[in-house]
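Just below is one structure, and these are the notes that go with it.
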Amino acid sequence: MRFDCTEEQDLLRETARNFVDQVCPPEQAKKWDDEHHYPPELVEGFAQLGWLGLALPESVGGGGGTAVELAIIGEELGRASLDVAQTYALTLMAALVVERHGTAEMRDELLPLIMAGRRRLSIGMSEPDAGSDIAALRTTAIRDGDSFVVNGQKTWCTGAGLPGTDILAYVRTSVGGKKHDGLSALLVDPSANGVELRKIPTLARHILGTYEVFLSDVRVSAGRLVGPLDGGWDVMLGGIDVERVLISGGYVGAAQATLDEALDHAKTRRQFGRPVGEFQALTHAFADLQTEIDAARLLVYRAAWLHSVGQPCGPEASMAKLTGSETYEAAARLGMQVCAGMGFSTESTMSFRWRESIVAPISGGTSQIQRNAIARSMGLRGY
Ligand SMILES: Cc1cc2nc3c(=O)[nH]c(=O)nc-3n(C[C@H](O)[C@H](O)[C@H](O)COP(=O)(O)OP(=O)(O)OC[C@H]3O[C@@H](n4cnc5c(N)ncnc54)[C@H](O)[C@@H]3O)c2cc1C
């Protein structure tokens, strides 16, 4: 068993670390979040480094990278903030969906723009009555000549209001069979007639923002169908493992940075004549947390490695998502207790970590849903 990286992977990590130091250190990520600001320089930076095409095959101008490289980038960007890592993941996942399932015309049109950071997709799965039970979605698309007519409502569409964004909306194109059947994926232009967006006020994730999308008699050309008609469930699940690996790298990086910040504070803040980190109540909490972070990191790279060698890794990716997200939340909770009054000030980066960590075990499939998936792989009936 080997735990080392290749020279190229070490270099990638160093480059990503320098990028975070120069472009988006945590204080800067917090400022963008406080100001609800989407910084174009972030995605431009990803594009210049070739990261937006990294997971695409070389035949379409991509870098031919694997889930291991994505996890490395996710981990380093997570040190800045989860939202920064998510900004990368969102565009990258879009590239993968278009590359895997798009028509030749769609790929020619969109992939160069996505790799250049000028186009992105927002994922429109969730609806007001379809969250964890995503196959219960009800937005309809009825074929009419060369178009589909779409009616319904999407919610939590991350980044749907950003410039150059299409919504990859999952819709019901036929009824009558199992609920997973009859779904299709359509690219919806948010500026089309009949589309309305409303930004949802949230505790964090303010760089990308997340939106309700109201769809009323929206005409979408049949050429914007992504993947087969009624084959949307497979499109939805197609990239889910690699997405979980990438974002779980983000959780681990965010958890480690949070612990490092809390440690800095504990080593310098003195009470009762000594640094507070010397009190055993805190020392053991730090030791436990570092152990949990290291365990989460190993789960991420195990899933990444399995994916990179073409092995199935569904349960392993779920374990990485479950442990990574809950460890980030635990790190931020401990960080708040260690920084105490200073952390409670909304000027502190710790308060920002705490706000954004809460969503980690919710978005991208909740912890309960990950546990169900892991239980199913053990022959148990996880609903
Ligand atoms: C910031 C943010 C960004 C998001 N971005 C996107 C996006 O870009 N695109 C998109 O489509 N969606 C997005 N989502 C939606 C996200 O995927 C859902 O919030 C998530 O899947 C949970 O759905 P829900 O919030 O409706 O909770 P519910 O499904 O209503 O769940 C409520 C509670 O019940 C539990 N529960 C539900 N079913 C089960 C079960 N079978 N077994 C055990 N427990 C269960 C859940 O774990 C949870 O604790 C985002 C959400 C947030 C908060």
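The values are calculated or read from the model by the stated rules, or taken from the named source; none is laboratory data. If you're wondering where the values come from, they're calculated on a predicted model, not measured in any experiment. Don't worry about glycine lacking a Cβ; one is built from the backbone with ideal geometry, like all the others, and counts go over all protein chains shown. With ligands, DNA and RNA removed, areas are computed over all heavy atoms of the protein, side chains included. Shrake-Rupley method; radii C 1.70, N 1.55, O 1.52, S 1.80 Å.
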note = Those residues of segment 190-228 which are touching a helix residue (DSSP H, G or I) at 6+ places or on another chain (Cβ under 9 Å), exposed (fewer than 14 other Cβ atoms within 10 Å of the Cβ) and assigned to a strand (DSSP E or B) amount to none
message = Please verify whether Gly145 is over 23 Å from Leu237 (Cα atoms), at pLDDT 95 or above and not assigned by TED's automatic domain parsing to the domain that holds Ser367, treating the condition exactly as stated.
response = yes
task = Evaluate segment 356-375: report whether one residue or more is closer than 20 Å to Arg269 by Cα, open to solvent by less than 30 Å² (accessible area, probe 1.4 Å) and not acidic (Asp, Glu).
result = no
key: Test set (1) away from the ligand (no atom under 15 Å from the Cβ); (2) within 20 Å of Thr258 (Cβ to Cβ) - Ala317 fails condition number   = (2)
ask   = Looking at Ala331, Ala287, Ala373, which one is outside the structural domain of Leu77 (by TED's automatic domain parsing), in contact with a Gly (Cβ under 8 Å, 6 or more places away or on another chain) and either modelled with pLDDT of 95 or more or not acidic (Asp, Glu) (or both)?
value = Ala373
ask   = Which residues, counting only those in segment 264-297, are touching a helix residue (DSSP H, G or I) at 6+ places or on another chain (Cβ under 8 Å) and in a loop (DSSP other than H, G, I, E, B)?
value = Arg269
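Restricting attention to strands (runs of 3 or more DSSP E) lying wholly within segment 122-189, give those where 1 or more residues are within 17 Å of Leu208 (Cβ to Cβ) and more than 9 Å from the ligand (Cβ to nearest atom).
On the way: elements: 140-144, 147-158, 165-172, 183-188.
Filter on segment 122-189 gives 165-172.
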query = Out of the residues in segment 124-161 that are of a type in the set (Gly, Ala, Ser) and touching a helix residue (DSSP H, G or I) at 6+ places or on another chain (Cβ under 8 Å), which is surrounded by the most Cβ atoms within 10 Å (Cβ to Cβ)?
reply = Gly159
remark   = Scanning segment 342-369 for residues that are under 19 Å from Ala130 (Cα atoms) and over 15 Å from the mean Cα position of the chain (by Cα), the one nearest to the ligand (Cβ to nearest atom) turns out to be Gln368
key: Residues of segment 21-46 classified as farther than 17 Å from Leu11 by Cα and open to solvent by less than 90 Å² (accessible area, probe 1.4 Å), total   = 17
Subset of segment 1-20 (residues that are part of a helix (DSSP H, G or I) and open to solvent by less than 100 Å² (accessible area, probe 1.4 Å)) = Gln9, Asp10, Leu12, Arg13, Thr15, Ala16, Arg17, Asn18, Phe19, Val20
query = Residues in segment 332-344: is at least one buried (at least 19 other Cβ atoms within 10 Å of the Cβ) and under 25 Å from Ile123 (Cα atoms)?
reply = no
message = Give me the residue from segment 48-88 that is assigned to a helix (DSSP H, G or I) and at pLDDT below 95 and, out of that set, least open to solvent (accessible area, probe 1.4 Å).
response = Val60
